[in-house]
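Asks: Just passing along the structure, written as structure tokens.
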Amino acid sequence: MSHAIEQNDNMKQEVIFLSEDLELVGHLYRPADYQPEKRYPAIVVSHPFTGVKEQVAGRYAERLAQDGYLALAFDTAYQGESEGLPRHLETPHSRAEGIKSAVSYLSNLPDVDPERIGALGIAAGGGYVAFTARTDPRIQAVATVNAVCQGSLLRDGLNGSRSPEQLQSLLAAAAEDRTAQDRGEAAATRSALAETAQAAAEQPQRLLREAYDYYRTPRGHHPNAESRFVVSGLDALAGFDAFARIDMLAPRPLLMIAGADADTRYFSERAIAAAAEPKELCLIAWASHFDLYDREPCVAAATAKLKAFFDRSLP
């Protein structure tokens, strides 16, 4: 069951569809020269960890619509405007089911060609679309921008910066939170970001400094993106490998775009090395992780590459 609830002049439509009996809210973007009698190729766009559809996912969905695609950016379950309790829960299962449900929704639209559906994921969303598409052949092409495996990031830290003792401390906190919830206590949450600009500036890694600048300032802030996560969800993330058996995507094509200066570049390089043909790694010169969220001409370079890829893969 799904329905549309609003149509804007710029061809952005708010839609609702179900995933595991939860209502997910998305924005469906259509080309400016949209013709309802046509059947279009369509792209599902998955947002980063703790992000929402109004941020970078919506930016890329709008650009894809300008290039002739129907593009759906949506809030995953438990986050943004979508349903689900406890709020801010992040699990690989719900993420994957949300992507599959978005594909189902698009497949049943009269103006979508179900044989020409692709997926784009940004940061953690990139890991989730690669993981989901392995076993969902309805996704005909997969593209990522600064893909991240959220499981690896939790287990190992960025570039191996987390010790085994630190990981065990996080897992102990997740277990304690589960026990507390069983007693009737509210799910514990933590901030995914530094709490102040000064604390962000003192972070040793560029990714963490730039995350505050994007999510906590007018540059990228949205009130629905509180940048928090549920502690008890960490145990599911700790066992997750977004790029395990990524070779199963073949013969469907894979494009992974990364900033040449991104702290997270190594995720795309390792995934591409493990993937089977056809595959392509595209590095955007001088771009950091967050430069590819909203900085021109970095976004322009990435979207041009995405257009060429999807034009070729979803002809």
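Asks: I need a count of the residues in segment 97-107 that are touching a Phe, Trp or Tyr at 6+ places or on another chain (Cβ under 9 Å) and open to solvent by 10 Å² or more (accessible area, probe 1.4 Å).
Replies: Of the residues in segment 97-107, 3 are touching a Phe, Trp or Tyr at 6+ places or on another chain (Cβ under 9 Å) and open to solvent by 10 Å² or more (accessible area, probe 1.4 Å).
Asks: Would you point out the residue of segment 172-192, among those that are within 30 Å of Ser288 (Cα to Cα) and in contact (Cβ under 8 Å) with a residue 40 or more places away in the chain, that is surrounded by the fewest Cβ atoms within 10 Å (Cβ to Cβ)? Quick ask: steps written out before the conclusion?
Replies: Going residue by residue through segment 172-192, those that are within 30 Å of Ser288 (Cα to Cα) are 189-192.
Adding the requirement that they be in contact (Cβ under 8 Å) with a residue 40 or more places away in the chain leaves 189-190, 192.
Working: Thr189: 18, Arg190: 15, Ala192: 19.
Filtering segment 172-192 for residues that are within 30 Å of Ser288 (Cα to Cα) and in contact (Cβ under 8 Å) with a residue 40 or more places away in the chain, the one surrounded by the fewest Cβ atoms within 10 Å (Cβ to Cβ) comes out as Arg190.
Asks: Which one of Pro114, Pro204, Pro137, Pro110 is of a type outside the set (A, V, I, L, M, F, W, C), modelled with pLDDT under 95 and either open to solvent by 10 Å² or more (accessible area, probe 1.4 Å) or not in a helix (DSSP H, G or I) (or both)?
Replies: Pro204
Asks: Cβ-Cβ below 6 Å, separation at least six or inter-chain, first residue in segment 218-245 and open to solvent by less than 10 Å² (accessible area, probe 1.4 Å), second in a loop (DSSP other than H, G, I, E, B) and among the polar types (S, T, N, Q): which pairs?
Replies: Pairs found: Ser227/Thr50; Gly233/Thr91.
Asks: Sticking with this one: Among the residues of segment 296-315, write down those that are open to solvent by less than 60 Å² (accessible area, probe 1.4 Å) and more than 21 Å from the chain's Cα centre (by Cα).
Replies: None - no residue of segment 296-315 is open to solvent by less than 60 Å² (accessible area, probe 1.4 Å) and more than 21 Å from the chain's Cα centre (by Cα), so the list stays empty.
Asks: A further question follows. So the check is Cβ under 6 Å with 6+ separation or different chains; which pairs have a first residue in segment 58-86 that's at positive phi and of a type outside the set (Lys, Arg) and a second one that's open to solvent by 10 Å² or more (accessible area, probe 1.4 Å) and part of a strand (DSSP E or B)?
Replies: These pairs meet every condition: Gly84/Leu22.
Asks: Still on this structure: For segment 44-77, name all the residues that are open to solvent by 10 Å² or more (accessible area, probe 1.4 Å) and either more than 10 Å from the chain's Cα centre (by Cα) or charged (D, E, K, R) (or both). Steps first, please.
Replies: So in segment 44-77, the residues open to solvent by 10 Å² or more (accessible area, probe 1.4 Å) come out as 49-50, 54-55, 59, 62-63, 66-68.
Of everything in segment 44-77, those that are open to solvent by 10 Å² or more (accessible area, probe 1.4 Å) and either more than 10 Å from the chain's Cα centre (by Cα) or charged (D, E, K, R) (or both) turn out to be Glu54, Gln55, Arg59, Glu62, Arg63, Gln66, Asp67, Gly68.
Asks: Here's something else I'd like to know. Tally the residues that are in contact (Cβ under 8 Å) with a residue 60 or more places away in the chain and out of contact with any strand residue (DSSP E or B) (no Cβ under 7 Å at 6 or more places or on another chain), restricting the search to segment 88-99. Walk me through it before giving the result.
Replies: Keep residues of segment 88-99 that are in contact (Cβ under 8 Å) with a residue 60 or more places away in the chain, which gives 88-94, 97-98.
Within this subset, residues satisfying the condition of being out of contact with any strand residue (DSSP E or B) (no Cβ under 7 Å at 6 or more places or on another chain) are 91-94.
Result for segment 88-99: 4.
Asks: Additional query: Quick one: which residue in Ala96, Ala124, Ala73 is aliphatic (A, V, I, L, M) and out of contact with any Leu (no Cβ under 9 Å at 6 or more places or on another chain)?
Replies: Details: Ala124 fails: out of contact with any Leu (no Cβ under 9 Å at 6 or more places or on another chain); Ala73 fails: out of contact with any Leu (no Cβ under 9 Å at 6 or more places or on another chain).
After ruling out the rest, the residue left standing is Ala96.
Asks: Where residues in segment 260-315 are in a helix (DSSP H, G or I) and touching a Cys at 6+ places or on another chain (Cβ under 7 Å), which of them is farthest from Arg59 (Cα to Cα)? Working first, answer last.
Replies: Quick first cut of segment 260-315, residues in a helix (DSSP H, G or I) only: 265-274, 291-294, 298-313.
Filter once more, so that each one left must be touching a Cys at 6+ places or on another chain (Cβ under 7 Å): 267, 291-292, 305.
On the way: Phe267: 23, Asp291: 13, Leu292: 11, Lys305: 15 Å.
The extreme case among them is Phe267.
The values are calculated or read from the model by the stated rules, or taken from the named source; none is laboratory data. Fair warning: this is a prediction, and the values are worked out from it, not measured in the lab. A quick note on method: Cβ atoms are made from the backbone with ideal geometry, for glycine too, and the neighbour counts reach across all protein chains shown. Keep in mind that these areas ignore ligands, DNA and RNA; they rest on the heavy atoms of the full protein, side chains included. Shrake-Rupley method; radii C 1.70, N 1.55, O 1.52, S 1.80 Å.
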